[in-house]
Structure formats: C-alpha cells, structure tokens
Amino acid sequence: MHIGRRNHNLLFAEEETSSEVGVAENARKGRNPEMLEKRNKHLVARYYYYGQIQKLLYDVVMEKLSQEFYLTPGTVPQVLSELGTELAELRRTAPSAASFAKQWPWMKWQQ
C-alpha cells in the first residue's frame, strides 16, 4: 500500500489534529459492521474447525480463539452465542479443513 509523503509524515506527527489529516468532524465512530461480520464468520469457522475437526477441548478452543482474534476469553463465547445460525449451517454442511483453507489460505487448517 502506497502512502503519500504528506500522509506518511502526518502519521507520526504528534502535534497534528484530526482536521489537519483530513478526518471529517462528523465521521462515523465505532466498529465497522462489515469487518465485524467477516471476523465473526472466520471466528465461527475456527471454532468449528478446532472443536469438530481437531477435536480439541472447549477450554483449549476458547484460549486459541482468544489469542487468534485478540479477544478477551469472556468475549469469545459471547460472540459465538450470537452466531448460532452460522454454526448450525457449519454442522449441517460439515466442511473439511481443505474448504476452510480455500477461504482463509493464510491460516493453518490441518486435517
């Protein structure tokens, strides 16, 4: 990704305000819903992979997911509880590790 010289310099400047770097005053704040949806889809896939394919214990799965997704151990089950439909679909279709590897090739998906 190319960052213009002016923007690169502003990235590390401490004295500059948000209006100087071109951030709109009324810009939306908070989490991007599209990014959350992508994260959650990946999270539930990893949960299925660790639990159903790798046959790891629940506590081990929660710890791995917490580390991989930079979530607190209490947040992982909370997010997963909201993804019941997605998890049911994974259980119904029973995807293989190879199918996950096609979607997220940068992750390890061993059989």
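Please treat every number below as a calculation from the coordinates, not as lab data. Keep in mind that what you see is a predicted model, and the values were worked out from it rather than measured. In this analysis, Cβ positions are derived from the backbone assuming ideal geometry, glycine residues included, and neighbour counts consider all displayed protein chains.
Would you kindly calculate the mean projected area, averaged across all directions, of the convex hull enclosing the Cα atoms of region 22-108, in square nanometres?
One quarter of the hull surface, i.e. the mean projection, equals 7.3 nm².
To make sure I understand, if each residue's beta carbon is the centre and we count other beta carbons within 10 Å, what order do M107, M62, M35 fall in, fewest to most?
Ranking M107, M62, M35 by Cβ neighbours within 10 Å, fewest first, gives M35, M107, M62.
Which chymotrypsin sites (Phe, Trp or Tyr not before Pro) in region 47-76 pass both tests, a DSSP loop state and at most 11 other beta-carbon atoms within 10 Å?
The qualifying sites are Y70.
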